[in-house]
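A.B. asks: Have a look at the structure that comes next, please.
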Amino acid sequence: MIRPFGWNEFLIIVMAAQWTIALSAIAFAGGGIGGLLIALARVSEVRPLRLAALGFIRVFQGTPLLMQLFLVFFGMNIFGLAINPWIAATMALTLHASAFLGEIWRGCIEAVPSGQREAATALGLKYYNRMRYIVLPQAARIAVAPTVGFLVQLVKGTSLAAIIGFTELTRQGQIINNATFSPFMVFGTVAAIYFILCWPLSLLARRMELKFSRATQR
Amino acid sequence: MYEFNFAPVFASFDQLLLGAWLTIRLSCAAMLLGLIVSIICAWGKTAGPSLIRFVINAYIEIIRNTPFLVQIFFIFFGLPSLGLRLSPNSAALLALVVNFGAYGTEIIRAGIESIQKGQVEAGIALGLSKLQIFRYIIMKPALRTVYPSLTSQFIYLMLTSSVVSVISADDLAAAGNDLQSATFASFEVYIVITLMYLALSIGFSAVFAAIEKMAFKYPLSR
């Protein structure tokens, strides 16, 4: 039965945005922790650790997010876990975000002048304190703009969770479209909601980048 | 304990190779057409009147801030209600071109803006035509400057193109979906497909590095 695309259908789609936001937030939090570990491993003095982090980044940046989602989704079965789109989507997106944030943050850590690290070592600071108080705070300032930029990519990436059956914004759009058969309105609405979520982040990232480049020019 | 069964995957490996070829063809076509769109839009954005600039900016912002999956749904399911009915393969190509065009425009614009004004003025002083100035003085060095970002954007386009399998356009991921529903060896199929994508992106990086060496042999001015 075909029903018209009305106010209710519109609200159902808008409400589904909360799952997109929740999925993005969880993946961003998990990816933040994972990304920090990857970035630290990538600049570590232990060669195997560096290579392992490099391999992890290469694999996740060189394969489609869709395939990563499929692998985690079907891979859960192999480890004897029940297939659950929620867990699969969060895990895949967390791993994906870890790899990308790891690579972004590696660049930021390396951008901190090496004299800073050497001075910290000369003052007798050990690895943890050196990173915690000297290197990472300075890297964080450089990292803010590209990290917000990646967040946009992550929010857009959560749409692929629809394909493994996780009901977020895009999947809800598909469901409503099947009931109303007004794809132009439905996907127009879905696209508009993504735009409202992502555009402010894009603008923020660009503004911070500009501010940062002005601040460092002086 | 789960028993891996790769035999049916390798028995139909030719299907997957065909899929990989389709992915290569689709992404190369999308890149070439997208590059044309990008160059036109970048030119419009740097030299066009304000109305054209506004339209191009809106296009870029809309595409860059919405997911590719929604764009392809909109093109494949939404456009027919405006009377534009596309086959899955043409919808896939159109979506990829539109998507790549938006990212490419920003990349090429950055390249164009890196050209110093004096260069263009020197071209005018030498009596070159507008098209000659654009072709030789602006585009050639601009493309060289942005070549690394363009190629990484292409690799990203190729990976994104896996999404076209959801509207059942032909590509590597779709070949995987077919094989998966025929064999039920889901994990085995997708791990092989994933490795094929990895091989494609590594291969393309190598090809692009070789092209860079050949095409940009002439020395930099600086």
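Just so it is clear, none of the values below were taken in a lab; they were calculated from the coordinates. Here the structure is a predicted model, which is why all the values come from computation and not from measurement. Virtual Cβ from ideal backbone geometry, glycine too; neighbours counted across all protein chains shown.
A.B. asks: Give the residue from A:VAL72, B:LEU84, A:GLY107 lying farthest towards the positive end of the charge dipole for the protein assembly as shown; charges sit on Cβ (+1 for Lys and Arg, -1 for Asp and Glu) and the dipole is referred to the Cα centre.
C.D. replies: Comparing the listed Cα positions along the dipole, A:GLY107 ranks first.
A.B. asks: Using label points projected 7 Å from each Cα along Cα→Cβ, tell me how many nm separate B:ILE211 and B:ILE124, to one decimal.
C.D. replies: In this crude spin-label approximation the distance works out to 3.4 nm.
A.B. asks: Report ³J(HN,Hα) in whole Hz for each residue of the stretch B:201-208, in order, from the Karplus equation J = 6.51 cos²θ - 1.76 cosθ + 1.60 where θ = phi - 60°; Gly and Pro get x.
C.D. replies: So the Karplus estimates, Gly and Pro as x, are 5, 5, x, 5, 4, 5, 4, 5 Hz.
A.B. asks: What FRET efficiency comes out for A:VAL144 versus A:ARG3 if R0 is 45 angstrom and r is the Cβ-Cβ distance? Round to the nearest 0.05. Before the final figure, lay out each step's value.
C.D. replies: Details: r = 46 Å, r/R0 = 1.02.
Calculated transfer efficiency: 0.50.
A.B. asks: Alpha carbon centre of the stretch A:24-52 versus the stretch A:142-218: separation in Å?
C.D. replies: Centre-to-centre (Cα) distance: 24 Å.
A.B. asks: For chain A, set up a GNM with springs between Cα atoms under 10 Å and report which of A:LEU151, A:LEU160, A:LEU71 has the largest fluctuation.
C.D. replies: A:LEU71
A.B. asks: By how many degrees, between 0 and 90 and to the nearest 10, does the Cα long axis of helix A:65-78 differ from the longest principal axis of chain A?
C.D. replies: Between helix and principal axis, roughly 80 degrees.
A.B. asks: About the Cα centre of chain B, how large is the charge dipole given +1 on each Lys and Arg Cβ and -1 on each Asp and Glu Cβ? Please answer in debye to the nearest 20. Could you put the intermediate results ahead of the total?
C.D. replies: Values: 14 positive and 11 negative charges, 255 e Å.
Dipole of chain B, to the nearest 20 debye: 1220 debye.
A.B. asks: I've got another one for you. Using θ = phi - 60° and the Karplus form 6.51 cos²θ - 1.76 cosθ + 1.60, what ³J(HN,Hα) does each residue of the stretch A:25-32 get, whole Hz, x for Gly and Pro?
C.D. replies: 5, 5, 5, 5, 5, x, x, x
A.B. asks: Lys pairs in chain B, Cα-Cα under 22 Å, at least 8 apart or on separate chains: how many?
C.D. replies: Working: B:LYS45/B:LYS117; B:LYS45/B:LYS130; B:LYS45/B:LYS140; B:LYS117/B:LYS130; B:LYS117/B:LYS140; B:LYS130/B:LYS140; B:LYS140/B:LYS213; B:LYS140/B:LYS217.
Lysine pairs meeting both conditions in chain B amount to 8.
A.B. asks: What is the dipole size for the protein assembly as shown, taken about its Cα centre, with +1 at each Lys and Arg Cβ and -1 at each Asp and Glu Cβ, in debye to the nearest 20? Walk me through the numbers on the way to the answer.
C.D. replies: Working: 32 positive and 18 negative charges, 367 e Å.
Dipole of the protein assembly as shown, to the nearest 20 debye: 1760 debye.
A.B. asks: With unit charges on the beta carbon (Lys/Arg positive, Asp/Glu negative), name the residue among B:VAL207, B:GLY123, B:LEU179 whose Cα is farthest towards the positive pole of the charge dipole of the stretch B:12-214.
C.D. replies: My answer, from the dipole projection, is B:GLY123.
A.B. asks: Sorted from largest down, give the three principal axis spans of the alpha carbons of the stretch A:116-218, whole angstrom values.
C.D. replies: If we take the Cα atoms of the stretch A:116-218, the spans are 68, 32, 12 Å.
A.B. asks: Looking at chain B as a GNM with Cα springs under 10 Å, which of B:SER12, B:SER168, B:SER81 has the largest mean-square fluctuation?
C.D. replies: Of B:SER12, B:SER168, B:SER81, the Gaussian network model singles out B:SER81 as fluctuating most.
A.B. asks: Let me ask you something else. Relative to the longest principal Cα axis of chain A, at what angle does helix A:169-180 sit, 0 to 90 degrees, rounded to 10?
C.D. replies: 10 degrees
A.B. asks: Based solely on C-alpha atoms, express the radius of gyration and the Dmax of the protein assembly as shown in angstrom.
C.D. replies: My reading of the Cα-based Rg and Dmax gives 23.4, 77 Å.
A.B. asks: Take the Cα atoms of the stretch B:12-214, build their convex hull, and give its volume per residue in Å³. The partial results should precede the final answer.
C.D. replies: Details: hull volume 27.3 nm³, N = 203.
Taking the convex hull of the Cα positions in the stretch B:12-214, it is 134 Å³ per residue.
A.B. asks: Limiting things to C-alpha atoms, what are the Rg and the maximum Cα-Cα separation (Dmax) for the stretch A:7-217, in angstroms?
C.D. replies: Spelled out, the Cα radius of gyration and Dmax of the stretch A:7-217 are 20.1, 69 Å.
A.B. asks: Here's a follow-up. Connecting C-alpha atoms closer than 10 Å in a GNM of chain A, tell me which of A:ILE176, A:ILE83, A:ILE26 has the biggest fluctuation.
C.D. replies: Result for chain A, Cα springs under 10 Å: A:ILE83 fluctuates most.
A.B. asks: Within 11 Å, Cβ to Cβ, of B:PRO67, how many net charges do the neighbouring residues add up to if Lys/Arg are +1 and Asp/Glu are -1?
C.D. replies: Once all neighbours under 11 Å are counted, the net charge is +1.
A.B. asks: Per residue of A:182-195, count partner chain C-beta atoms within 10 Å of its C-beta, then hand back the mean as an integer.
C.D. replies: Mean shielding count: 5.
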